[in-house]
Structures are given as structure tokens and as C-alpha cells.
Amino acid sequence: QIAQDADYFTRIANASPFTHLWFLGIEFQYYLFWPLLFGGYLLLRRVIGTHLALLLFGLLALVSAGLLPYGYAEGMSVTRLYYGTDMRLFSLLLGAVAGLAQAGRQQGLRLPGGHGMAYEAAAAVSFPLLFAVTLWGYLSVDGQAPFLYEGGMLVFSLVFLVMILELGAGVLPFEGLLEHPLLRWFGRRSYGIYLWQYPVIYLFAQ
């Protein structure tokens, strides 16, 4: 799709119903490289410690995120930027850093991010604000908007990451509302719904 300059945002009318599965290609590539990345993390953790190893992984994510604004120019086709594994790797790496940090805490390692009263208060205030940012992004941001390629994708990835961490910490006062059966049903199936939406749009557009 990159070689054909297949613009993801203008292909609804004449695209293949499988165009939307491009992201699975990025995931599969990541899974192939993840054992090497994880082995490197374990080696670094042994040599320089957990904190610095996580910091290096975070820096690697920032390098990937920096490729987007570096490669973007106004008016250009964003196909290479949007589809490229190297350009999108940062979101997966940020999730890996969060997961490795959480695993370190479970093993008794002292890492920042405790769940005291200050953290609970900050989460209670920030989560609704981050949710509002997410909703604004879904409703207002066009996939070809310069903002996304000049740092916006990193911003949204960090927003999602913080929301996931706050939910996982179990400190939100309104967490019971998020356990509603309807929301849980959508949550368990959301990725499948995401992957199926494009074929459905394609078929109904014919």
C-alpha cells in the first residue's frame, strides 16, 4: 500500500474491504521483533538497572515519534507516514514501557507512580479531561491534519496511555460506572469492531 501510495483516507469508495487490516501488519512485525527487544531489555536491566533500561526504551519510542514531524511536509502525501511501521512503532513501545514498569512494581521494584491520595485525586480530575480530549479528537481531527504528523499522534498516544494506567490502578471514584455490562461488552469486542467497520462501510458503499 505504501508502494502504491494508497491513501487510507480517500479510498472508501474504491478500496478493498481488507485495506483496514493494514495495522495488523504492523502488529505482526512488532511481535516478530518483540522477543529481541525484550531480550535487550533484560540484558540492559541487568547491566544498568531497571530505571535506565525503561528510560532507554522510552527514548526509543520518542525517536520513532520524532520520525513523523521530521518526515512531514505540508501538502505531501501522508501514506508513508501513516502506514510505516517505523513511524508508528512509538505507540507500541510506550505500551511496552508501561507494561514492563508495571511488572517491575509487581516484583517489588521501587518505581515512580505510587497510588497515594494525591495520585487518586489527580486521576479523578485528569481522567475526565483526557476523555474529553479523546472525544474531541474522534469528532474533530482529520486523519490528514498536519497537527497529527507534527506531534499530535504522540500526544494522543500519551493521552490513551495515561487513561489506561489510571484505569488499571483501580483508583477512579467513578470506576463502577465503567464496569457497566454494556461498556464491558463493547470493551471486549472493540478491536474487532474497529477492524470490521471498514469492510462494512465498503460493502454498503457499493
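The values are calculated or read from the model by the stated rules, or taken from the named source; none is laboratory data. These numbers come from a predicted model, not from an experiment. Every residue, glycine as well, gets a Cβ built from its backbone with ideal geometry; the counts of neighbours run over all protein chains shown. What goes into the accessible areas is simple: the full protein's heavy atoms, side chains included, and nothing from ligands, DNA or RNA. Shrake-Rupley method; radii C 1.70, N 1.55, O 1.52, S 1.80 Å.
Can you tell me how many residues within segment 156-175 are in contact with a His (Cβ under 6 Å, 6 or more places away or on another chain) and of a type in the set (Gly, Ala, Ser)?
Number of matching residues: 1.
Only residues that are small (Gly, Ala, Ser) and open to solvent by less than 60 Å² (accessible area, probe 1.4 Å): list them for segment 123-168, please.
Let us first name the residues in segment 123-168 that are small (Gly, Ala, Ser), namely 123-124, 126, 132, 137, 140, 143, 145, 151-152, 157, 168.
Scanning segment 123-168 gives Ala123, Ala124, Ser126, Ala132, Gly137, Gly143, Ala145, Gly151, Gly152, Ser157.
From the set of residues in segment 169-185 that are under 21 Å from the mean Cα position of the chain (by Cα) and surrounded by 11 or more Cβ atoms within 10 Å (Cβ to Cβ), which is farthest from Pro17 (Cα to Cα)?
Ranking the candidates gives Ala169 first.
Just checking, does segment 192-201 include any residue being closer than 27 Å to Gln102 by Cβ, open to solvent by 100 Å² or more (accessible area, probe 1.4 Å) and part of a helix (DSSP H, G or I)?
Our first condition is that a residue be closer than 27 Å to Gln102 by Cβ; within segment 192-201, this holds for 192-195.
Pick out the ones that are also open to solvent by 100 Å² or more (accessible area, probe 1.4 Å) and you get none.
No: segment 192-201 contains no residue that is closer than 27 Å to Gln102 by Cβ, open to solvent by 100 Å² or more (accessible area, probe 1.4 Å) and part of a helix (DSSP H, G or I).
Sort out which residues of segment 120-138 are of a type in the set (S, T, N, Q) and either more than 26 Å from Ala101 (Cβ to Cβ) or under 14 Å from the mean Cα position of the chain (by Cα) (or both), and write them in order of number. Even if it seems obvious, please write down each step before you answer.
Let us first name the residues in segment 120-138 that are of a type in the set (S, T, N, Q), namely 126, 134.
If the condition is that a residue be of a type in the set (S, T, N, Q) and either more than 26 Å from Ala101 (Cβ to Cβ) or under 14 Å from the mean Cα position of the chain (by Cα) (or both), then Thr134 is the only one that fits.
Test of understanding: among Arg80, Arg105, Arg46, which residue is under 23 Å from Leu195 (Cβ atoms), part of a helix (DSSP H, G or I) and open to solvent by 60 Å² or more (accessible area, probe 1.4 Å)?
Numbers: Arg105 fails: under 23 Å from Leu195 (Cβ atoms); Arg46 fails: under 23 Å from Leu195 (Cβ atoms).
Checking each option against the conditions leaves just Arg80.
Quick one: what pairs do we get from segment 60-80, first residue closer than 15 Å to Asp5 by Cβ, second open to solvent by less than 50 Å² (accessible area, probe 1.4 Å) and not aliphatic (A, V, I, L, M), C-beta under 6 Å, 6+ apart or different chains?
Sorted first by the residue in segment 60-80, then by its partner, the pairs are Thr79/Asp7.
I'm trying to understand the selection: among the residues of segment 139-167, which are farther than 19 Å from Ser64 by Cα, more than 14 Å from the chain's Cα centre (by Cα) and assigned to a helix (DSSP H, G or I)?
Leu139, Ser140, Glu166, Leu167
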